[in-house]
Amino acid sequence: MTFIVFLMSVNIYSFMILSQVRWVIEAANARIKRWKYLDHILPTNQVPYIGDYVNIVCALSNKFFPPLISASQDGDHALASKMKDLSVRINTLQLEVEEKHLDRRSVKWRKPDKLLCFPRLDEQQL
């Protein structure tokens, strides 16, 4: 319940910005984990060398794999300005939920006897 309250109090567009940035980080981590040596837990005697191995793998990835994000500054600036505009936009869904108190769990169930226009189907029609 506390997580839901947290989500309601923070603008959802901020989470969109975070997920855009996080995607690039997760893609970079996945690219590193593609190397057989780094895709599992390493023994403790290898701890002093892990940084060197990761640096080598990242250098090879940067040299021989395509970039994870586009290198066009115009596209990056357009995406950044769009994300910035969205981050200050008012979340109308959040306002509706708060105004109608839909975030509370005080819903009372009623029998659906007032659903006159709902079609009744038999087994053959299904």
Completion exercise
Note on GLN73: of the conditions (1) surrounded by fewer than 10 Cβ atoms within 10 Å (Cβ to Cβ); (2) within 30 Å of PHE15 (Cα to Cα); (3) at pLDDT 75 or above, unmet is (3)
Handout entry: TYR53 being more than 27 Å from the chain's Cα centre (by Cα), touching a residue at least 12 places away in the same chain (Cβ under 8 Å), part of a helix (DSSP H, G or I) and surrounded by 13 or more Cβ atoms within 10 Å (Cβ to Cβ)
Key = yes
Handout entry: Residues located in region 94-116, provided they are in a loop (DSSP other than H, G, I, E, B), among the hydrophobic types (A, V, I, L, M, F, W, C) and modelled with pLDDT of 75 or more
Key = LEU102
Exercise for the section: Evaluate region 14-33: report whether one residue or more is charged (D, E, K, R), modelled with pLDDT of 90 or more and over 30 Å from MET83 (Cα atoms). Expected result: no
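The values are calculated or read from the model by the stated rules, or taken from the named source; none is laboratory data. Just so you know, these numbers come straight off a predicted model, no measurement behind them. Quick reminder, even Gly has a Cβ in these numbers, built from the backbone with ideal geometry, and neighbours come from all protein chains shown.
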